[in-house]
Amino acid sequence: MITFFLSDSKLNGIMRRIFYPFANGFIHQTKWARDFLKERYKFKCPDIILPNPLWINDFPVRKPIPKRAIAVGRLAEQKNYKGLIRAFKLVIEADSEIKLFIYGEGEQKKELQSLITSLKIEKKCVSSWLKQRCD
């Protein structure tokens, strides 16, 4: 049995053109793969689709989780939390369910809190300023 993966390799393409006409049959994982190969290589031998044995009903129903973004770090100019907060204002306009949680401590704490207030996103931007370092 010879197998060739579906890749863009020139060698694979050459090998397929040489050997596929001599195949006694094909086994495909998907209908898409079968249709693609039949169209491209015009093989006439028998073929079958054997999909992955994945049963969707075996998976538990997923519970929705709250949409949230989390930022953790030192509240310093070089970390650009101001940019994050301004960008998050745009995210809120696209998805009103999301919240931003900021965890950190630093010299920009008051400035960032003022920015959050001035942008009127206090309900969507939760600041949990850390009281101590986490070493």
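Couple of notes before you dig in:
- Checked across segment 104-122, the condition of being modelled with pLDDT under 95 and within 14 Å of Pro66 (Cα to Cα) holds for no residue.
- Residue in segment 54-67 that is surrounded by 10 or more Cβ atoms within 10 Å (Cβ to Cβ) and more than 24 Å from Phe19 (Cα to Cα) present: yes
- Single match in Glu93, Glu111, Glu105 (criterion: surrounded by fewer than 13 Cβ atoms within 10 Å (Cβ to Cβ) and either on the phi < 0 side of the Ramachandran plot or aromatic (Phe, Trp, Tyr) (or both)): Glu93
- Subset of segment 78-90 (residues that are within 23 Å of Pro66 (Cα to Cα), surrounded by 15 or more Cβ atoms within 10 Å (Cβ to Cβ) and out of contact with any Cys (no Cβ under 7 Å at 6 or more places or on another chain)): Tyr81, Leu84, Lys89
- Selection status of Glu93, out of contact with any strand residue (DSSP E or B) (no Cβ under 7 Å at 6 or more places or on another chain), modelled with pLDDT of 90 or more, outside any helix (DSSP H, G or I) and not hydrophobic (A, V, I, L, M, F, W, C): no
- None of Ile18, Ile48 is in contact with a His (Cβ under 9 Å, 6 or more places away or on another chain) and at pLDDT 80 or above except Ile48.
The values are calculated or read from the model by the stated rules, or taken from the named source; none is laboratory data. Computed from a predicted model, the values in this text were never measured in an experiment. When we count neighbours, we look across all protein chains shown, and the Cβ atoms used for this are built from the backbone with ideal geometry, even at glycine.
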